[in-house]
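Colleague: Let me give you the structure first, and then I'll get to my questions.
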Amino acid sequence: MSRVLSAATFAAERHRDQRRKGKDASPYINHPLALASLLAGQGERDPTLLMAALLHDTVEDTATSFEDIEHAFGREVADIVREVTDDKTLPKAERKRLQIEHAAHLSRAAKLVKLADKICNLHDMVVSPPTGWPLERRREYFDWAKAVVDPMRGVHPELEALFDRQYRRKPAESG
């Protein structure tokens with residue numbers, strides 16, 4: 001438990017100046033906390049998995065390295081974070097394509113983090129959509145998230161059902 005709380009503290013420090021893109025601009029740390037809470041609430045209590053969920057965006061979105069995570073939390077946690085981290089040197093469209101392509105090949109732990117991430121992102125997209133995102137962009141995000149999740153099916157039926165419920169909340173076409 002203390003290691004999980006240390007990961008939460010580490011993530012909070014690294015994301016301290018960041019806000020979510022939604023209209024309410026909530027503190028960014030709420031997002032990794034939501035992932036870890038969702039996973040724990042679905043019976044996933046492995047500390048390594050929960051630490052990776054808490055740290056999943058630190059390398060991608062802060063000045064944190066994989067080595068920092070490995071030094072503080074161990075190789076297993078760093079390896080899971082590595083699996084779910086986009087290469088920000090690539091164009092956005094390529095990063096999105098690679099998430100779909102790699103989804104089926106992730107470890108079980110990385111699939112769970114990725115699935116929880118997509119569930120939380122779809123929820124946030126409905127409750128507090130990113131400022132300036134038109135309807136079509138939000139709808140495209142839902143479809144892309146489903147394209148990432150579909151190849152991972154079978155990893156956790158209850159989480160997949162939660163994803164499907166969130167997906168059904170996809171914003172309706174205007175008209």
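Colleague: Within the range 37-81, which helices (runs of 4 or more DSSP H) (wholly inside it) include 2 or more residues that are of a type in the set (G, A, S) and buried (at least 20 other Cβ atoms within 10 Å of the Cβ)?
Modeller: Hits in the range 37-81: 47-55.
Colleague: Further question on the same structure: Within the range 59-104, how many residues turn out to be over 26 Å from E13 (Cα atoms) and touching a residue at least 24 places away in the same chain (Cβ under 8 Å)?
Modeller: Result for the range 59-104: 5.
Colleague: Being part of a loop (DSSP other than H, G, I, E, B), touching a residue at least 40 places away in the same chain (Cβ under 8 Å) and either surrounded by 15 or more Cβ atoms within 10 Å (Cβ to Cβ) or not acidic (D, E) (or both) is the filter here; which residues of the range 1-24 pass it?
Modeller: M1, H15, Q18, R20, K21, K23
Colleague: Kindly check whether there is at least one residue in the range 84-94 that is part of a helix (DSSP H, G or I), buried (at least 23 other Cβ atoms within 10 Å of the Cβ) and out of contact with any Gly (no Cβ under 8 Å at 6 or more places or on another chain).
Modeller: Yes: one or more hits.
Read-outs: derived from the displayed coordinates by stated rules, not from any lab. Keep in mind it's a predicted model, so treat the numbers as computed, not measured. Please note: Cβ atoms are built from the backbone with ideal geometry, for glycine as well, and neighbour counts cover all protein chains shown.
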